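Notes follow the structure.
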Amino acid sequence: MSSRMVLRCTNSFALSQPKFNGCFFPLIYHINVSALTRHVPATALSFCQLQASNLHDSPVTVASDVRYGGKQIISVDSPLYDYILSNIREPKILHELREETATMRGSQMQVSPDQAQLLAMLVQILGAKRCIEVGTYTGYSSLAVALVLPEEGHLVACERDGKSIEVAKRYYDQAGVSHKVDVRHGLAADTLKSLIQNGESCRYDFAFVDAEKRMYQEYFELLLQLVRVGGLIVVDNVLWHGRVADPLVNDSKTLSIRNFNQNLMEDKRVDISMVPIGDGMTICRKR
Ligand SMILES: C[S@@+](CC[C@H](N)C(=O)[O-])C[C@H]1O[C@@H](n2cnc3c(N)ncnc32)[C@H](O)[C@@H]1O
């Protein structure tokens, strides 16, 4: 098996996993090590053995690009992810919403508690008062944001699915944040365009994008008009279950996200930081 075939085997395994929830990278790592150990030439075995010896005491992933000098990052396996989750201060109301959503179709779509905590932290660091969310579902990420907004804070939540909105609104009510959330039922791009037409350009501090993947570039262009200089646009699913890194995967959603990531790299209008949390989030700061 060539190294390319080993890579393919690894990625196929990754794609067989359900929606990324923070625990399949280490499985890739385990498979990767055993596959490499079986199939690579003896000259490369020292690398594999080094990795295999690390298997239980230090789960790491090593950059295969030699220009990074064997740089390692931590791999989050299930026990480590459980540990991370056990160190999250998830408000009771978010916990209840997450549990109710878990019984619903599409529950894997909601952001993870660690992602929600990061979003809330960014909003707080920014001192954000006016926010937009593109893709609200049952409200987990928007509620996390609304909870940390000041009383006069305002969050425009864009969602096309009425049933999901019903759940979200019930939890905004229970949490006492309904007055901060302006739910817009409809296509997100239409809502963003109407905000621009209503003279709201540059009036928002923070935006979170988590809806139709093939629309990411359009959402981004619209949000870039709505967010002020120094404001943030955070984009979810930028690693797309690892598919973005597999040149053999070229379905329309993967291509969209891969192109979007590439465009962001070259986009001088923003500073960027791609964070491997959840399914990958890129934080963009408008220059
Ligand atoms: C990944 S989920 C959002 C999860 C949410 N951020 C959370 O943490 O619970 C994506 C949502 O975007 C909505 N959506 C997809 N395309 C949309 C569009 N064009 N306009 C508005 N909402 C859309 C879907 O109905 C779905 O509820």
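Tabulated data
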quantity: Enumerated helices (runs of 4 or more DSSP H) restricted to the range 1-119, each holding at least 1 residues that are of a type in the set (Val, Ile, Thr), under 25 Å from Met274 (Cβ atoms) and modelled with pLDDT of 50 or more; calculated: 78-86
quantity: Filter result for Ala207 (touching a residue at least 60 places away in the same chain (Cβ under 8 Å), buried (at least 18 other Cβ atoms within 10 Å of the Cβ) and in contact with a Leu (Cβ under 6 Å, 6 or more places away or on another chain)); calculated: yes
quantity: Residue within the range 70-79 that is buried (at least 16 other Cβ atoms within 10 Å of the Cβ) and out of contact with any Pro (no Cβ under 8 Å at 6 or more places or on another chain) present; calculated: no
quantity: Test for Gly199: is it without any contact (Cβ under 8 Å) to a residue 60 or more places away in the chain, within 9 Å of the ligand (Cβ to nearest atom) and surrounded by fewer than 14 Cβ atoms within 10 Å (Cβ to Cβ); calculated: no
quantity: Inter-residue pairs, beta-carbon under 7 Å, first in contact (Cβ under 8 Å) with a residue 40 or more places away in the chain and in the range 248-261, second assigned to a helix (DSSP H, G or I) and loosely packed, with under 15 Cβ neighbours inside 10 Å, 6+ apart; calculated: Lys253/Arg214; Ser256/Arg214; Phe260/Gln217
quantity: Checklist (1) in a helix (DSSP H, G or I); (2) crowded, with 24+ Cβ neighbours inside 10 Å applied to Lys163, failing item; calculated: (2)
quantity: Subset of the range 157-173 [within 12 Å of the ligand (Cβ to nearest atom) and either β-branched (Val, Ile, Thr) or touching a strand residue (DSSP E or B) at 6+ places or on another chain (Cβ under 8 Å) (or both)]; calculated: Ala157, Cys158, Glu159, Arg160, Gly162, Ile165, Val167, Ala168
quantity: Boolean, His154 is more than 14 Å from the ligand (Cβ to nearest atom) and not aromatic (Phe, Trp, Tyr); calculated: yes
quantity: Unmet requirement for Glu212, which otherwise passes all of (1) under 19 Å from Ser142 (Cα atoms); (2) free of Cβ contacts under 8 Å to residues at least 40 places away in the same chain; (3) among the charged types (D, E, K, R); calculated: (2)
quantity: Candidates Tyr204, Tyr140, filtered to the one that is closer than 21 Å to Gly106 by Cα, within 22 Å of the chain's Cα centre (by Cα) and hydroxyl-bearing (Ser, Thr, Tyr); calculated: Tyr140
quantity: Pair list, Cβ under 8 Å, 6 or more apart: the range 219-239 residue without any contact (Cβ under 8 Å) to a residue 60 or more places away in the chain and polar (S, T, N, Q), other residue assigned to a helix (DSSP H, G or I) and within 14 Å of the ligand (Cβ to nearest atom); calculated: Asn237/Lys213; Asn237/Ile257
quantity: Some residue of the range 218-230 being loosely packed, with under 15 Cβ neighbours inside 10 Å, more than 19 Å from Gln115 (Cβ to Cβ) and within 17 Å of the chain's Cα centre (by Cα); calculated: no
quantity: Count of the range 244-272 residues which are β-branched (Val, Ile, Thr) and within 17 Å of Val234 (Cα to Cα); calculated: 3
quantity: Any hit, the range 168-189, residues being of a type in the set (S, T, N, Q), within 30 Å of Tyr83 (Cα to Cα), modelled with pLDDT of 95 or more and under 19 Å from the mean Cα position of the chain (by Cα); calculated: no
quantity: Selection from the range 175-188 of residues that are in a helix (DSSP H, G or I) and in contact with a helix residue (DSSP H, G or I) (Cβ under 6 Å, 6 or more places away or on another chain); calculated: Ala175, Ser178, Lys180
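Every residue, every condition in (1) more than 12 Å from the ligand (Cβ to nearest atom); (2) surrounded by fewer than 20 Cβ atoms within 10 Å (Cβ to Cβ); (3) touching a residue at least 12 places away in the same chain (Cβ under 8 Å), yes or no:
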{"site": "Ile125", "(1), (2), (3)": "yes, yes, no"}
{"site": "Arg130", "(1), (2), (3)": "yes, no, yes"}
{"site": "Tyr137", "(1), (2), (3)": "no, no, yes"}
{"site": "Tyr140", "(1), (2), (3)": "no, no, yes"}
{"site": "Ala175", "(1), (2), (3)": "yes, no, yes"}
{"site": "Thr191", "(1), (2), (3)": "no, no, yes"}
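The values are calculated or read from the model by the stated rules, or taken from the named source; none is laboratory data. What you see is a predicted model, and the numbers here were worked out from it, not measured in a lab. Virtual Cβ from ideal backbone geometry, glycine too; neighbours counted across all protein chains shown.
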